[in-house]
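One structure is given below, encoded as structure tokens.
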Amino acid sequence: MDDERERRIKARAFELWQREGSLDGRSLGHWLQAEREIQEEEEAEAASRHEGGLAAAANPTH
């Protein structure tokens, strides 16, 4: 796992922990949920970049 992705997951897991009242015993659940959310964000970003590239190729400005 690259450092930036791990940093994003840690930050999201911490946000989830805080949102649930900072209770102990759910760190694995928060980490796994954060991983899923970050993965979904990365996939959406990749799809957006891909669609943007397809649109540019279909509509050249030259």
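Phi angles of the stretch 33-40 translate, via the Karplus equation with coefficients 6.51, -1.76, 1.60 and θ = phi - 60°, into HN-Hα couplings of 5, 4, 4, 4, 5, 5, 4, 4 Hz per residue; Gly and Pro are given as x. Between the beta carbons of Ala44 and Gln18, assuming R0 = 22 Å, the FRET efficiency works out to 0.35 to the nearest 0.05.
Of the GluC sites (Glu not before Pro) in the stretch 1-41, the ones in a loop by DSSP (not H, G, I, E or B) with at most 16 other beta carbons within 10 Å are Glu20. So what's the angle, to the nearest 10 degrees on a 0 to 90 scale, between helix 3-19 and the longest Cα principal axis of the chain? Roughly 50 degrees, rounded to the nearest 10.
For the stretch 3-58, the relative contact order is 35 percent, taking Cα pairs closer than 8 Å that sit 6 or more residues apart in sequence and dividing their mean separation by the residue count. Please say if the chain is rounded, prolate or oblate, where rounded means a/c under 1.5 for a ≥ b ≥ c the square roots of the C-alpha gyration tensor eigenvalues, and otherwise the choice is prolate for a/b larger than b/c and oblate otherwise? Prolate, because a/c is 1.5 or more and a/b exceeds b/c. For Arg36 and Asn59, a Förster radius of 25 Å and the Cβ-Cβ distance give a FRET efficiency of 0.10, rounded to the nearest 0.05. For Arg26, no residue whose modelled amide H falls within less than 5 Å of its own remains once neighbours fewer than 5 places apart on the same chain are excluded.
Throughout, read-outs are computed from the coordinates displayed, never taken from laboratory work. Nothing here was measured: the structure is a model prediction, and the numbers come from that model. Backbone-built Cβ (ideal geometry, glycine too); neighbour counts: all protein chains shown.
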